[in-house]
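The values are calculated or read from the model by the stated rules, or taken from the named source; none is laboratory data. All values derive from a computational prediction rather than experimental measurement. Cβ coordinates were reconstructed from backbone atoms using ideal geometry, including for glycine residues, and neighbour counts include every protein chain displayed. Each accessible area value is taken on the protein alone, full model and side chains, heavy atoms only, with ligands, DNA and RNA left out. Shrake-Rupley method; radii C 1.70, N 1.55, O 1.52, S 1.80 Å.
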Amino acid sequence: MSGIAATPATRPEPVSFWQALAFWLKLGFISFGGPAGQIAIMHTELVERRRWISEKRFLHALNYCMVLPGPEAQQLATYIGWLMHRTRGGLVAGGLFVLPSLFILIALSWIYIAYGQLPVVAGLFYGIKPAVTALVLHAAHRIGTRALKNGWLWAIAAGAFVAIFALDLPFPLIVLAAALIGHFGGRLKPQIFVVGGGHGTVQKNYGEALIDDDTPTPAHALFTRARLARVLLIGGGLWLVAMGLLLAQWGWQGTLTQMGWFFTKAALLTFGGAYAVLPYVYQGAVEQYQWLNATQMIDGLALGETTPGPLIMVVAFVGFVGGWVKAVFGPDALFLAGAAAATVVTFFTFLPSFVFILAGGPLIETTHGNLKFTAPLTAITAAVVGVILNLALFFAYHVLWPQGFAGSFDWPSALIALAALLALFRFKLGVPSLLAGCAAVGLAFTLLSPV
């Protein structure tokens, strides 16, 4: 179990851009399991097997990605691709992490909205919905055990839950309040906000890596004001051009324009991962813009859990359904409208992630471990736990009482949810296996039901 006997002695051969591209493409199709699973796959492939980067450098990059809003696994791929092959390497690594998922979700969203009423499809989703409720509860527990290390952080989580559950305050306001608490609390009582923020320490030596512990930072990854300004101008310019085209074609109130603006804001609020931003997406997409309904939102998260890529890709489903429902290209081009909306949403969601890595990598790395920088994040993460718990209760309500409290209690869904919770907490079952099992149970129940 020590792993030291087989440690390779020689440094691997240099990796060409095209060799790396082939790997990033493969990763885009096998990156199941959410952020933890995706990061584990990259660690196995890049650190242990291929030795493109040392474990210390891998963890350092991961810790940096964790302090940014956005999907940390996709940003980690972007970071390593950028470190190895400059800007084009980062764009390819991050882009191929997302594109397969986008195409798969467009296809699945079309099947869902066009054929979702068929008994087979409805039965599959009947079993998956309780499983998704269990997954959200499990996520709240997982993040909470890591983030809530003292009573003060528990209080922040409880306050966030009350704010969104009882007071219906918007998610951005909760994030801002938590950040301010962390900012001032970090000055007054710094020991409260010093929480182990890493992903562990280096445990093994896998041999020399292409980017090893002592490998100097390549020239393109060194901070310069000119490079920072250039990347910010290009990133901002891409956003302005895209938004300008939508404005010119459909005006500010157009569905695609509003999607671009809304998901730009969502992209800047994804501290704590996809589960943290889902309440904000729900508030906007379901309640404010009515691009889809609550049941469809749960179904979209189920689809997001079953496809490779970042879980935040559920926004592509939201976009597809919204584009279809709003018929942005007219009643005769519903699929085209959905596909275009999913693409628009994905572009505006992930553009900031690329800018954060390509522009901020050299700059923000120097602030890692600085309490002034990490204390607000610690408080935000604590607040996120309360927000995710609210999301779990929201899902449970719509799954267990589909007609509201005035209707009947859906006991088969409750049994599936309890079995899913047991499978997650007791048997550590993986997400794909869990969803497949629950889908099979749901299909069997609906087909055998006398109604």
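Data for the structure
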read-out: Complete set of residues in the range 237-257 that are touching a residue at least 40 places away in the same chain (Cβ under 8 Å) and either assigned to a loop (DSSP other than H, G, I, E, B) or over 17 Å from residue 340 (Cα atoms) (or both); value: 238, 254
read-out: Given (1) over 29 Å from residue 58 (Cα atoms); (2) surrounded by 14 or more Cβ atoms within 10 Å (Cβ to Cβ); (3) not charged (D, E, K, R), index of the condition residue 244 fails; value: (2)
read-out: Odd one out for residue 302, checked against (1) out of contact with any helix residue (DSSP H, G or I) (no Cβ under 9 Å at 6 or more places or on another chain); (2) at pLDDT below 90; (3) farther than 26 Å from residue 68 by Cβ; value: (1)
read-out: Residue identified as modelled with pLDDT of 90 or more, part of a helix (DSSP H, G or I), open to solvent by 10 Å² or more (accessible area, probe 1.4 Å) and farther than 30 Å from residue 26 by Cα among 355, 325, 344; value: 325
read-out: Residues (free of Cβ contacts under 8 Å to residues at least 24 places away in the same chain and surrounded by fewer than 18 Cβ atoms within 10 Å (Cβ to Cβ)) located in the range 403-414; value: 403, 404, 405, 406, 407, 408, 409, 411
read-out: Any hit, the range 403-415, residues being under 27 Å from residue 161 (Cβ atoms), outside any loop (DSSP other than H, G, I, E, B) and under 23 Å from the mean Cα position of the chain (by Cα); value: no
read-out: Candidate set from the range 112-124 (those that are exposed (fewer than 14 other Cβ atoms within 10 Å of the Cβ) and of a type in the set (A, V, I, L, M)); member that is nearest to residue 441 (Cα to Cα); value: 120
read-out: Given (1) among the hydroxyl-bearing types (Ser, Thr, Tyr); (2) within 21 Å of residue 337 (Cα to Cα); (3) open to solvent by 30 Å² or more (accessible area, probe 1.4 Å), number of the condition residue 87 does not satisfy; value: (2)
read-out: Options 400, 422, 447, 391; residue that is open to solvent by 80 Å² or more (accessible area, probe 1.4 Å) and touching a Pro at 6+ places or on another chain (Cβ under 9 Å); value: 447
read-out: Matching residues, the range 285-295, being surrounded by fewer than 22 Cβ atoms within 10 Å (Cβ to Cβ) and in a helix (DSSP H, G or I); value: 286, 287, 288, 294, 295
read-out: Residues that are farther than 18 Å from residue 112 by Cα and either small (Gly, Ala, Ser) or touching a residue at least 40 places away in the same chain (Cβ under 8 Å) (or both), drawn from the range 286-310; value: 309, 310
read-out: Sole residue being open to solvent by 10 Å² or more (accessible area, probe 1.4 Å) and either within 17 Å of residue 137 (Cα to Cα) or outside any helix (DSSP H, G or I) (or both), chosen from 330, 309; value: 330
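Residue by residue, here is whether (1) touching a residue at least 24 places away in the same chain (Cβ under 8 Å); (2) more than 28 Å from residue 357 (Cβ to Cβ); (3) open to solvent by less than 20 Å² (accessible area, probe 1.4 Å) holds:
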position	(1), (2), (3)
70	yes, no, yes
96	yes, no, no
126	yes, yes, no
142	no, no, no
